[in-house]
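Here the structure comes first, spelled out in structure tokens, and everything after it is commentary.
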Amino acid sequence: MSNIANDLQNLSINGNNAQPQQQSRRSYVPPHIRTRPQQDQQPHYQNQYDSAPAGNNYGGNGGYGRFNDNRGYNNNGNGFGYGNRRSNGPRNGGYGNNNRGYNNRGGYQKTGLGRFVDGKHVPAQRNESLEKELFGEADDPKFQSSGINFDNYDEIPVEATGDGVPEPITTFTAPPLEPLLLENVQLARFTKPTPVQKYSIPIVALGRDLMACAQTGSGKTGGFLFPILSQSFINGPSPVPQATSQFSRRKAYPTALVLAPTRELVSQIYDEAKKFTYRSWVHPTVAYGGSDINAQIREIERGCDLLVATPGRLNDLLERGKISLANIKYLVLDEADRMLDMGFEPQIRHIVQECDMPDVENRQTLLFSATFPKDIQMLASDFLKDYIFLSVGKVGSTSENITQKVLLVEDDEKKSVLLDILTAEENGLTLIFVETKRMADLLSNFLITQDFPATSIHGDRSQHERERALEYFRSGKAPILVATAVAARGLDIPNVTHVINYDLPSDIDDYVHRIGRTGRAGNVGVATAFFNRGNKNVVKDLVEILSEANQEVPSFLTSIARESSGRGGARGGARGGRSASTRDFRRGGNQGGYGNQGGSFGGYGNQGGSFGGYANQGGSFGGYGNSRGGQGYSSYGNQSSSNASWW
Ligand SMILES: Nc1ncnc2c1ncn2[C@@H]1O[C@H](COP(=O)(O)OP(=O)(O)OP(=O)(O)O)[C@@H](O)[C@H]1O
């Protein structure tokens, strides 16, 4: 075995054993804390545990934004934060004393934070090294740069439905964007908005709720970050409720909450948030499971205006009283269809409806995804008020920047076909999706023994191993990553040139998200799927997806699709078929389909009743209501929660 293969084998599976001793003894440091410049960490640590230094010691620290503000800590007179609390010193400030909430709280400022003074946003000084860290330099391969087809996004038809849809913007300008946000967008080298951004910016500025569906890799993250940050920079922080106890003083009151399904995705959104909040008063924070909660709590206590979190970890923080949602103005569900399917829906409902978040009328709710099955759209209406539905291209469609190939490969031939493909690969990163965690391990080990530099990511690996696998993949040290569905959504890794569906997923929407890891930001990519009769359940949808994106549909696929619909048994799109979920469900003209949807939902719960069965069950909206509360729905829930464990 080659050296690199040896190396990678050590890294690949259960890498703990293979770790050099020295490294394994080091305690785990979450990635968002790892990259913090040294000068940042030191004062904070002291500040938190030692007795507080005099306020003005900090005042001189250029670049620390609010420290220089006489109205901030210094003015409150009590020195800083926690040290002070411990020593029971007089604690002035407190919450609600002024409108700058967090300024009174911590004692620590991250480099580059600005202030909001007398109704005006005062950005912090520029900081060259931080800028370089956040935005890189032109052509830096670590950062995704837009590809040759970026301008083609303009040709994708956009449909915005709902009352009073505002005109989209066509360029990034201030106004309507707040000037600092515009500067940060320029630092990120974004020259013009993608379609979803063109619409979301004025929609959010108008105070409207939004359900936005746009193709993978077409800038949805900016689609929610830009308008929320722009509005926040303009409006400043909300006053923080008066503290009722010593403990509640340490609670964070974020203005914006972004929820996403995986740890890696929240981490990535947080990195984006760091770029676009650069020099602003908005302090982004991240919280996700699998890493030290106390470190996250300390971060949160330093200030948390925009929180990016996975639902499980957020619930934990809410239970511990570390976060209050009472000040939330903006709630975002990224990958919203996943967040509202039965794996996550109870947790989301708890966070949104059973804690202290303002109700739907008193917050703005933004849902984003590349896919929005109709049943999920219906469920989502519970969380939205008079919203605008935005679809860029056909809902759930794939980007034409991805060349899709489907090969007929029997299970026992998969390994050898895969080796052929990988041998022919020249450069770029290859992401291989399998259905089970076990298979992810087996296949990555197999590839390593064949001298292919591979690693794997799945839910049974520790957070440390998951992050290391991604890091090795991103950097090209292990240009082959074998993954379960945990890597299917949202991840934005530059230079992924090939996605291989070694095992096809059973839900076509998962296919859409998986192949969307390539062909992003106007770049091109290839997606290859291994198909055999075991995948009949997705054949119809697959044919539809390929045709919609002007891809070649192999003849074997058409005939298997014909066979399947002839028998009436195999139908893709477990939740109503693609044709039933391609637009705003509120739009009339297909009430019948709506009824059918209800039926099919129940059918799905029953795990694959025949098409005839669906038709019989459907036909009324009441059917949907019944299935939601009844057998069908809970079966569906089980299915999805098991999803969470197999990814
Ligand atoms: N206006 C823009 N100009 C250039 N690049 C952009 C622009 N907006 C976003 N990008 C880049 O496009 C890439 C994809 O964006 P993003 O991750 O937001 O896609 P997405 O639509 O959320 O995809 P997914 O559905 O997979 O989550 C990112 O690298 C992002 O930096």
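Taking region 495-537 as the search range and keeping residues that are more than 16 Å from the ligand (Cβ to nearest atom) and in contact with an Asp or Glu (Cβ under 6 Å, 6 or more places away or on another chain), which one is nearest to Leu265 (Cα to Cα)?
Among residues in region 495-537 that are more than 16 Å from the ligand (Cβ to nearest atom) and in contact with an Asp or Glu (Cβ under 6 Å, 6 or more places away or on another chain), the one nearest to Leu265 (Cα to Cα) is Asp503.
Could you check region 400-417 and list, in sequence order, the residues that are over 13 Å from Val499 (Cβ atoms) and either surrounded by 13 or more Cβ atoms within 10 Å (Cβ to Cβ) or among the aliphatic types (A, V, I, L, M) (or both)? Spell out how you get there, then give the answer.
Kept after step one, since they are over 13 Å from Val499 (Cβ atoms), are these residues of region 400-417: 400, 407-417.
Across region 400-417, the qualifying residues are Glu400, Leu407, Leu408, Val409, Glu413, Lys414, Lys415, Val417.
Give the number of residues within region 141-175 that are more than 11 Å from the ligand (Cβ to nearest atom) and either assigned to a helix (DSSP H, G or I) or surrounded by 13 or more Cβ atoms within 10 Å (Cβ to Cβ) (or both).
15
Can you tell me which of (1) out of contact with any strand residue (DSSP E or B) (no Cβ under 9 Å at 6 or more places or on another chain); (2) more than 25 Å from Gln215 (Cα to Cα); (3) not aromatic (Phe, Trp, Tyr) is the one Asp492 doesn't meet?
Of everything listed in (1) out of contact with any strand residue (DSSP E or B) (no Cβ under 9 Å at 6 or more places or on another chain); (2) more than 25 Å from Gln215 (Cα to Cα); (3) not aromatic (Phe, Trp, Tyr), Asp492 misses just condition (2).
For region 474-494, enumerate the residues that are under 19 Å from the mean Cα position of the chain (by Cα), crowded, with 21+ Cβ neighbours inside 10 Å and more than 12 Å from the ligand (Cβ to nearest atom).
At the first step, the residues of region 474-494 found to be under 19 Å from the mean Cα position of the chain (by Cα) are 474, 483-494.
Among the residues that remain, those that are also crowded, with 21+ Cβ neighbours inside 10 Å are: 483-491.
Result: Ala483, Thr484, Ala485, Val486.
Which residue pairs have Cβ atoms closer than 7 Å, lie 6 or more positions apart in sequence or on different chains, and pair a first residue in region 103-128 that is in a loop (DSSP other than H, G, I, E, B) with a second residue that is at pLDDT 95 or above and hydroxyl-bearing (Ser, Thr, Tyr)?
Close Cβ pairs satisfying both conditions: Gly112/Tyr278; Gly114/Ser280; Pro123/Ser280.
Might you let me know whether region 276-292 holds any residue that is closer than 26 Å to Tyr387 by Cα, within 15 Å of the ligand (Cβ to nearest atom), in contact with a Leu (Cβ under 7 Å, 6 or more places away or on another chain) and of a type outside the set (A, V, I, L, M)?
yes
Just the residues that are more than 16 Å from the ligand (Cβ to nearest atom), in a loop (DSSP other than H, G, I, E, B) and touching an Asp or Glu at 6+ places or on another chain (Cβ under 9 Å), please, taken from region 538-563. Walk me through it before giving the result.
From region 538-563, those more than 16 Å from the ligand (Cβ to nearest atom) are 538-544, 546-548, 550-563; that's our starting set.
Keeping just the survivors that are in a loop (DSSP other than H, G, I, E, B) gives 550-554.
Of everything in region 538-563, those that are more than 16 Å from the ligand (Cβ to nearest atom), in a loop (DSSP other than H, G, I, E, B) and touching an Asp or Glu at 6+ places or on another chain (Cβ under 9 Å) turn out to be Asn550, Gln551.
Could you check region 408-492 for strands (runs of 3 or more DSSP E) lying wholly inside it with 3 or more residues that are touching a residue at least 12 places away in the same chain (Cβ under 8 Å) and of a type outside the set (Val, Ile, Thr)? So that I can check it myself, show each step before the final result.
Numbers: elements: 429-433, 454-457, 480-483.
Output list reads 429-433.
The values are calculated or read from the model by the stated rules, or taken from the named source; none is laboratory data. Source: prediction; values computed, not measured. Using ideal geometry, Cβ is built from the backbone for each residue, glycine included, and neighbour counts are taken over all protein chains shown.
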